[in-house]
Structures are given as C-alpha cells and as structure tokens.
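> Below: one structure in structure tokens.
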C-alpha cells in the first residue's frame with residue numbers, strides 16, 4: 001500500500017476543498033444537520049448492503065456477518081468525520097484507509113461510485129421525507145442537499161484518488177518488477193550473446209587460420225603424394241622388370257640344372273666305361289702274366305733243351321738250334337710281355353687317375369646340380385616374392401593415386417571451410433555489433449520502465 005509520501009499535501013487538500021466550494025457556511029450546515037444526516041444514514045445502511053449483496057463483485061466484500069458489521073461501523077465512523085466538517089488529517093487518513101480497503105478487495109471505481117450514488121440518493125430521499133414535517137418551521141433543505149452532495153463528491157474524489165494512486169503504485173512496482181526481471185533474465189542473455197559473439201569471432205579467426213594452414217598443407221601433401229605416386233609407379237615398373245629378369249634367371253637356372261643332370265649322366269657312363277676298361281686291362285695284365293709265365297717256362301725248357309742237345313752232341317745239334325730259336329723267341333716274348341706289362345701298368349695308372357678324376361668330376365657335377373637346383377628353388381621363391389612385391393606396388397600405386405585424388409578433394413573442402421570461416425567471422429562481427437546495440441536499447445528501455 002502507499003505511504004504518507006503519496007497522500008495529498010495540505011495545499012492539494014486546500015485546493016480540492018476550495019475548488020468544490022466547501023466554505024465555512026457549508027461546514028456549518030453539515031455540523032448543524034449532523035443528527036439528521038446520521039439518522040438518515042442509519043436508515044439507508046441496511047438497504048444499501050442488501051443492494052450490494054445482489055451483485056457478485058460487491059457481495060464478495062463480505063464473507064460473513066462479522067465482516068459486514070465491521071464495514072457498517074467503519075462507514076458510520078467515516079460519516080461521523082464528514083459531518084464534523086473539519087476535513088483535517090484525520091478525515092483524509094480515513095479516506096485513505098477506505099480507498100486502500102476497496103482497492104485491496106478489488107472493487108472497481110465504477111462499483112464504488114455506483115454504491116456511493118445509491119447511498120447519496122437514498123439519504124437525500126430520507127432527508128426529503130423528514131423535511132416535510134419541518135416545512136412548517138420555515139427551514140429550507142436546499143443548502144443541506146447541496147452541502148451533502150458536495151462533500152460526497154469530495155469524499156469520492158479523495159477515495160478514488162487513493163485507489164488510483166495505489167493502482168499507479170502497483171503498476172509502477174509491476175513495471176519495476178518487469179524491468180528487474182528483464183534485467184535479471186534478459187541482460188545475462190544479452191551479455192552471453194555479446195560474449196558468445198566475441199568467442200565465436202575468436203573461434204572463427206582460429207578456424208580460418210587453421211583452415212588456411214590446412215589448405216596449404218593439403219596442397220603440399222597433394223604435391224608430395226603426386227611425387228610419391230610417380231615414385232611408386234617407377235618402383236612398380238622396376239619390380240616388373242625385376243620379376244621378368246628373375247623369371248629369365250629361373251629359366252636359365254633350370255637349364256643349368258638340366259645340363260648338370262645330363263653331364264652327370266654322361267660322366268657316370270664314362271666312369272662305367274673307364275671302370276670296365278680298368279677291369280679289361282687287369283684281365284689283359286693277367287693274360288700277359290700268363291704269357292710271361294709261359295715265356296719263362298719256354299725259356300727254361302729251351303735251356304733244358306740246349307743242355308740236352310749239348311749232351312746229345314752232333315745228334316742234338318739241330319735240336320739245339322731249335323732250342324736256341326725257342327729260347328730267343330721266349331726271350332723276345334718275355335721282353336714283349338714285359339713291355340706290354342709296363343704299358344698296361346701305365347694304362348691302369350692312367351685309368352685309375354681317370355676314374356678318380358671322373359669320380360671328382362661326377363662329385364663336382366652333382367654339387368653343381370644341387371647348387372643349380374637350390375638356385376632354381378631360390379629363384380622360384382624370389383619370383384613369388386617379386387610377383388607379390390609387384391602386385392603390392394601396383395596396389396600402392398593405385399592407393400597413392402586415390403590418396404592424391406582425396407587430398408585434392410580435402411584441399412577443395414578446406415577452401416570452402418576457409419570461405420565459411422570468413423562468413424562466420426563476418427557474422428560474428430555483425431552479431432557483436434547487434435549485441436551491443438541490443439544491450440544499449442535494453443538499457444534505455446529499462447531506464448524508461450523504471451522512470452515510469
């Protein structure tokens with residue numbers, strides 16, 4: 001409710017009374033006619049409360065009989081102050097309390113004016129009835145009716161002014177509360193928008209810088225990837241050539257293995273022939289030995305024949321000649337067989353050396369065959385590995401080309417990100433400006449609300 005600072009000042013009260021022509025004569029009339037006025041009021045009050053009970057807006061003022069009795073007593077006390085005609089601070093305090101009570105109960109000014117009109121009309125009617133009995137005394141009630149009507153309007157003015165002041169104060173408080181709520185709820189949002197715009201601007205700047213760096217790095221990566229793709233293609237070509245060379249080596253290694261196998265078979269055949277020759281020379285040696293034995297025996301027989309021929313003398317001379325010839329033949333045979341034995345021994349030694357050499361060659365050829373087979377197996381495995389390398393290099397070449405293509409796409413996308421970041425930066429600047437403008441407008445609006 002309003003405080004004393006909202007009540008009319010003494011000059012306001014004096015002006016209201018003067019403007020409504022409440023002079024000393026009117027005050028005297030009210031004081032003189034007070035008994036009649038209060039009597040008429042007591043007659044009207046029951047009808048008045050019965051009247052307002054028929055309207056929901058006014059009937060709700062009285063929840064029970066006690067509240068109704070308190071209202072009647074308050075109304076009678078207020079009219080007692082009116083008819084005292086002092087119109088001092090006590091009177092205006094009473095009008096203030098009346099206005100506060102009606103405003104607190106939610107009674108509209110229209111209902112209050114209508115209710116007061118009913119009371120005034122009924123009181124004037126009551127006073128008019130009473131004046132009939134007093135006409136014979138020569139009194140005129142015109143001054144009384146005028147005074148009563150005037151003070152009723154003054155009273156209505158004071159009460160309604162209080163109600164209006166309370167309504168204005170509530171509106172002012174409500175507006176201030178709205179302003180405070182706006183200040184409490186909207187200002188943080190405005191500040192948050194302002195801060196967010198600053199943060200957005202900073203983030204957009206960082207994003208623009210990072211996107212620019214990413215774009216440059218993407219271009220560098222694209223160039224490096226293109227070079228890598230060319231290098232991989234070169235490696236792929238070299239791998240294919242290496243695979244072809246290894247395949248040729250494998251083919252030659254297989255031929256060498258085949259040649260070694262054929263040479264081994266040939267050497268084995270030669271070794272068989274030489275061994276057979278050795279065996280035959282041994283057999284010839286045995287035959288030569290037999291011839292030497294026969295020659296020795298023949299020589300011995302010839303010696304015996306010579307001895308016997310000598311004994312026979314002339315008769316054995318012919319036999320002696322034959323024996324000499326036989327002995328010479330045996331000697332020549334012995335010499336020939338000896339020479340043959342020597343040559344056969346040489347042949348046997350040569351044959352044995354040939355056998356040893358052939359065996360050594362056979363061993364070397366077998367080792368060569370084993371080495372050739374190992375080379376063939378190794379080359380075969382190397383060929384498989386080289387084929388795998390070539391396949392992987394080809395796939396790597398394809399992958400590198402794809403990466404290069406994707407990097408180009410990334411570079412293009414990064415360029416779009418840079419453009420978007422620039423747009424975001426512009427939007428952040430605009431948002432910051434609008435946030436500042438909104439904050440200024442909100443401050444001015446709140447100032448206007450609080451000044452209302």
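The values are calculated or read from the model by the stated rules, or taken from the named source; none is laboratory data. Bear in mind the structure is a predicted one, so any value in this text is a computation, not a measurement. In this analysis, Cβ positions are derived from the backbone assuming ideal geometry, glycine residues included, and neighbour counts consider all displayed protein chains.
> Which condition breaks for residue 337 when tested against (1) loosely packed, with under 14 Cβ neighbours inside 10 Å; (2) at pLDDT below 75?
Result: residue 337 passes all but (1).
> Given the criteria modelled with pLDDT of 70 or more and over 43 Å from the mean Cα position of the chain (by Cα), does residue 322 qualify? Step through it out loud before you land on a result.
Numbers: modelled with pLDDT of 70 or more: yes; over 43 Å from the mean Cα position of the chain (by Cα): yes.
In short, yes.
> Would you check if residue 367 is within 30 Å of residue 262 (Cβ to Cβ) and either exposed (fewer than 14 other Cβ atoms within 10 Å of the Cβ) or at pLDDT below 70 (or both)?
Details: within 30 Å of residue 262 (Cβ to Cβ): yes; either exposed (fewer than 14 other Cβ atoms within 10 Å of the Cβ) or at pLDDT below 70 (or both): yes.
For residue 367, the condition - within 30 Å of residue 262 (Cβ to Cβ) and either exposed (fewer than 14 other Cβ atoms within 10 Å of the Cβ) or at pLDDT below 70 (or both) - is met.
> Quick one: which of 232, 178 is buried (at least 18 other Cβ atoms within 10 Å of the Cβ), outside the structural domain of residue 111 (by TED's automatic domain parsing) and either modelled with pLDDT under 75 or within 30 Å of residue 97 (Cβ to Cβ) (or both)?
Numbers: 178 fails: buried (at least 18 other Cβ atoms within 10 Å of the Cβ).
Only one candidate passes the filter, namely 232.
> Could you pull out the residue among 87, 48, 62 that is over 60 Å from the mean Cα position of the chain (by Cα), assigned to a helix (DSSP H, G or I) and under 30 Å from residue 128 (Cβ atoms)?
Numbers: 87 fails: assigned to a helix (DSSP H, G or I); 62 fails: assigned to a helix (DSSP H, G or I).
After ruling out the rest, the residue left standing is 48.
> When you check residue 448 against the structure, is it out of contact with any strand residue (DSSP E or B) (no Cβ under 7 Å at 6 or more places or on another chain), exposed (fewer than 12 other Cβ atoms within 10 Å of the Cβ) and either at pLDDT 65 or above or within 30 Å of residue 241 (Cα to Cα) (or both), yes or no? Let's see the steps before the verdict.
On the way: out of contact with any strand residue (DSSP E or B) (no Cβ under 7 Å at 6 or more places or on another chain): yes; exposed (fewer than 12 other Cβ atoms within 10 Å of the Cβ): yes; either at pLDDT 65 or above or within 30 Å of residue 241 (Cα to Cα) (or both): yes.
Yes; evaluated as a whole, the condition is true for this residue.
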